[in-house]
Amino acid sequence: MLLRLVRRSYAAVRPLSTEAATTVKSTRSGGGTSTTTSSEGGTSTATSSGGRDTLGKRLLSLIYAKRSAVIAIRKWKEQGHPVRKYELNRIVRELRRHKRYKHALEVCEWMRVQDDIQLVSGDYAVHLDLIAKVRGMNSAEKFFEDLPDKLKVQTTCTALLHTYVQHKDTAKAESLMEKMSECGFLNCPLAYNHMLTLYISQGQLEKVPRLIEELKKNSAPDIVTYNLQLGVFASQNNVEAAEKAFVELKKAKLDPDWITFSTLTNIYIKNSLQDKAKSTLREMEKRISRKLRFAYASLISLHTNLESKDEVFRIWKEMKSMFHKLSDTEYTCMISSLLKLDEFGEAMKLYTEWESVSVTKDTRISNLLLAAYINKNEMEKAVEFHNRMVQKSKPPSYTTWELLTWGYLKQKEMDKVVGFFKKAVTSVSKWDPDTKMVKEMFHVVEEQGNIQVAEQLLVTLRYAKYVNTEIYNALLRTYVNAGKMPMIVAERMKKDNVKMNEETQKLIGLTSKMTVTEVPDFVA
């Protein structure tokens, strides 16, 4: 939850436009949000000009990254059209909004070499941020180093700091903050908000109070600062501190936004303060609109946590009437909510609707229903649903195979477990070890004395480059329970570069007195 709140607030911290980067200050007394977010609502020439041919429309139509924005601009000029800086700035904002960073960077680079376009520090800040997104942090650093000293000002330093935060480079971010302090560049909350975001994302919550105190000495917190602070209190389940911060926010004459009330609602729900949660949720809903579409998913989730089924259906109905097409993310949110509310039939209806309208075939949504069947211990229906996924051309993902592995593991059908586990491991280039799953699989095969499956698991884990002493000990315990003696265990451990411990030697001693088994054909 805390990381989700960080990401929401983080969007409000980014310097997204020349205008925003040039004017780095928070809107007070009724502004409601930081000026760094104002560019989010910027409208491109393309979208505001109807059917008329515009430069913005041409640049936004360059869907494929390999196409050149520079060529499009040159062609526009060759046809006798003027190219104005303010228009290009709007286009850059729109391209960024659509995450078309390469084309936005090409526009910035083109502007930089034009003699008739005068750039200011805010333009260079946007340019630096785009370089970081397209070419990486090192290229952004070099761009900053190559700037004339007169352009190494608050806006460009803040853009570089933002880059360090995105790359989670705490050492460089803290060093830059010190330099910015020496230069008097910390007279607004933006840089502090960046650092708060970094500390929270890294789990360094102990640094947050000191940083906020420092911010209060040099400037004044804005709504983003308070939202980040509330997110910390939510993670700590500290109702008193959150309410105190909210009072302070109101005294500062800042207008709380939907994130503020969403965070407070979450805190109240976690502490079973239902009346307060319903009150803040009503305030949250007053502050969302069509332009804040992503807030509706949060609204549905919070009503779900309050077990307000009618409200969940009401919000969903409102979304369907408001938006022409709902996204996979929105369907995911609603289906998840219905499953939490034990409305399995409604969830399946909605899934069928999603299947009929979506072109993405995103297995993450299918896996929600698959997991629901498995949690209900309905493996036969889970397999039927899995077959439906395949028939609908939804290729199974790692999570699909993992869910089926867990499902059969709960039923201790180990032959099926090892088959699905192998599919899971071989479906990814690098397996991130699920130690809980491995431990449970070996626990069951030990109980059963199923040496065949134990050996197959070892082979699969060797393929995944995850073999250790404990796994070999589990294998040996399985042989002990089966009353069998394994062959060439010491040789295999040596080949896998796995060392014996005291338990290994004890287990080998026990099995040496048992019936000899043949080495399975699949054992390397």
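The values are calculated or read from the model by the stated rules, or taken from the named source; none is laboratory data. All values reported here derive from a predicted model rather than from experimental measurement. Glycine also receives a Cβ, built like all others from the backbone with ideal geometry; neighbour counts cover every protein chain displayed. Surface areas here come from the heavy atoms of the whole protein model, side chains and all, with no ligands, DNA or RNA. Shrake-Rupley method; radii C 1.70, N 1.55, O 1.52, S 1.80 Å.
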Residues of segment 236-282 being assigned to a helix (DSSP H, G or I) and closer than 19 Å to Glu213 by Cα, which ones? Glu240, Ala241, Ala242, Glu243, Lys244, Ala245, Phe246, Val247, Glu248, Leu249, Lys250, Lys251
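Condition check ((1) over 19 Å from Thr329 (Cα atoms); (2) open to solvent by 40 Å² or more (accessible area, probe 1.4 Å)) across all residues:
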{"residue": "Thr360", "(1), (2)": "no, yes"}
{"residue": "Arg364", "(1), (2)": "no, yes"}
{"residue": "Leu369", "(1), (2)": "no, no"}
{"residue": "Ala372", "(1), (2)": "no, no"}
{"residue": "Glu378", "(1), (2)": "yes, yes"}
{"residue": "Glu384", "(1), (2)": "yes, yes"}
{"residue": "Phe420", "(1), (2)": "yes, no"}
Would you check which residues across segment 191-224 are over 24 Å from Asp255 (Cα atoms), touching a helix residue (DSSP H, G or I) at 6+ places or on another chain (Cβ under 7 Å) and not aromatic (Phe, Trp, Tyr) and list them? Leu198, Ser201, Gln202, Leu205, Lys207
Could you check segment 175-201 and list, in sequence order, the residues that are of a type in the set (S, T, N, Q), open to solvent by 40 Å² or more (accessible area, probe 1.4 Å) and in a helix (DSSP H, G or I)? Ser175, Ser181
Log entry, pairs with first residue in segment 261-278 being acidic (Asp, Glu), second being open to solvent by less than 10 Å² (accessible area, probe 1.4 Å) and not in a helix (DSSP H, G or I), beta carbons closer than 7 Å, six or more apart or on different chains, reads none
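Just to verify a result, which residue in segment 387-407, among those that are open to solvent by less than 20 Å² (accessible area, probe 1.4 Å) and of a type outside the set (Val, Ile, Thr), is nearest to Val459 (Cα to Cα)?
Step one: list which residues in segment 387-407 are open to solvent by less than 20 Å² (accessible area, probe 1.4 Å), which gives 389, 394, 400, 404-405, 407.
Narrowing further to those that are of a type outside the set (Val, Ile, Thr): 389, 394, 404, 407.
Values: Met389: 29, Lys394: 29, Leu404: 20, Gly407: 21 Å.
It comes out as Leu404.
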Restrict the check to segment 88-100 and report whether at least one residue is assigned to a loop (DSSP other than H, G, I, E, B), among the hydrophobic types (A, V, I, L, M, F, W, C) and either closer than 20 Å to His127 by Cβ or without any contact (Cβ under 8 Å) to a residue 40 or more places away in the chain (or both). no
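Tell me which residues, restricted to segment 284-312, are over 24 Å from Leu273 (Cβ atoms) and not charged (D, E, K, R).
Ser289, Leu292, Phe294
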Testing Thr35 on (1) open to solvent by 40 Å² or more (accessible area, probe 1.4 Å); (2) at pLDDT below 90, one condition comes back false. Which one is that? (1)
Looking at (1) within 18 Å of Cys108 (Cβ to Cβ); (2) touching a residue at least 60 places away in the same chain (Cβ under 8 Å), which is the one condition that is false for Met137? (2)
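For Ser301, state whether it is of a type outside the set (A, V, I, L, M, F, W, C) and either open to solvent by less than 10 Å² (accessible area, probe 1.4 Å) or out of contact with any Ser or Thr (no Cβ under 7 Å at 6 or more places or on another chain) (or both).
Values: of a type outside the set (A, V, I, L, M, F, W, C): yes; either open to solvent by less than 10 Å² (accessible area, probe 1.4 Å) or out of contact with any Ser or Thr (no Cβ under 7 Å at 6 or more places or on another chain) (or both): no.
No: the conditions fail for Ser301.
Search segment 246-259 for residues being surrounded by fewer than 23 Cβ atoms within 10 Å (Cβ to Cβ) and in contact with a helix residue (DSSP H, G or I) (Cβ under 9 Å, 6 or more places away or on another chain), and hand back the single one that is farthest from Pro189 (Cα to Cα).
Trp258
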Does Tyr164 qualify as being open to solvent by 40 Å² or more (accessible area, probe 1.4 Å) and not acidic (Asp, Glu)? no
Restricting the first residue to segment 280-304 and requiring it to be more than 21 Å from Leu338 (Cβ to Cβ), which pairs with a second residue that is outside any helix (DSSP H, G or I) and of a type outside the set (Asp, Glu) meet a Cβ separation below 8 Å and a spacing of at least six or different chains? Glu283/Pro256; Arg287/Pro256; Arg290/Phe323
Within the bounds of segment 142-156, is there any residue that is open to solvent by less than 10 Å² (accessible area, probe 1.4 Å), in contact with a helix residue (DSSP H, G or I) (Cβ under 9 Å, 6 or more places away or on another chain) and assigned to a loop (DSSP other than H, G, I, E, B)? yes
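With Lys172, Lys75 as the choices, which residue is surrounded by 15 or more Cβ atoms within 10 Å (Cβ to Cβ), among the basic types (Lys, Arg) and part of a helix (DSSP H, G or I)?
Working: Lys75 fails: surrounded by 15 or more Cβ atoms within 10 Å (Cβ to Cβ).
Only one candidate passes the filter, namely Lys172.
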Looking only at segment 202-219, filter to residues that are surrounded by fewer than 16 Cβ atoms within 10 Å (Cβ to Cβ) and assigned to a loop (DSSP other than H, G, I, E, B); which one of those is farthest from the chain's Cα centre (by Cα)? Gln204
Residue check, Ile288 under 24 Å from Tyr268 (Cα atoms) and in a loop (DSSP other than H, G, I, E, B): yes
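Within segment 481-524, restricting attention to residues that are of a type in the set (Val, Ile, Thr) and at pLDDT 95 or above, which residue is surrounded by the fewest Cβ atoms within 10 Å (Cβ to Cβ)? Steps first, answer last, please.
Looking only at segment 481-524, we keep the residues that are of a type in the set (Val, Ile, Thr), and these are 488-489, 498, 504, 508, 511, 515-517, 519, 523.
The next check asks that each one be at pLDDT 95 or above; those that pass are 498, 504.
Details: Val498: 17, Thr504: 19.
Top of the filtered list is Val498.
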Would you check which residues across segment 332-355 are among the polar types (S, T, N, Q) and surrounded by 14 or more Cβ atoms within 10 Å (Cβ to Cβ) and list them? Thr332, Ser336, Ser337
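Quick check on Thr329: is it surrounded by fewer than 20 Cβ atoms within 10 Å (Cβ to Cβ), touching an Asp or Glu at 6+ places or on another chain (Cβ under 9 Å), closer than 24 Å to Arg290 by Cβ and in contact (Cβ under 8 Å) with a residue 12 or more places away in the chain?
On the way: surrounded by fewer than 20 Cβ atoms within 10 Å (Cβ to Cβ): yes; touching an Asp or Glu at 6+ places or on another chain (Cβ under 9 Å): no; closer than 24 Å to Arg290 by Cβ: yes; in contact (Cβ under 8 Å) with a residue 12 or more places away in the chain: yes.
Judged against the criteria, Thr329 is not a match.
Taking the options Lys320, Lys276, Lys309, Lys291, name whichever one is open to solvent by 50 Å² or more (accessible area, probe 1.4 Å) and closer than 27 Å to Glu240 by Cα.
Lys276
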Taking first residues from segment 387-406 that are free of Cβ contacts under 8 Å to residues at least 60 places away in the same chain and in a loop (DSSP other than H, G, I, E, B) and second residues anywhere that are open to solvent by less than 70 Å² (accessible area, probe 1.4 Å) and of a type in the set (Asp, Glu), the pairs with Cβ under 7 Å that are 6 or more apart or on different chains are Lys392/Glu355
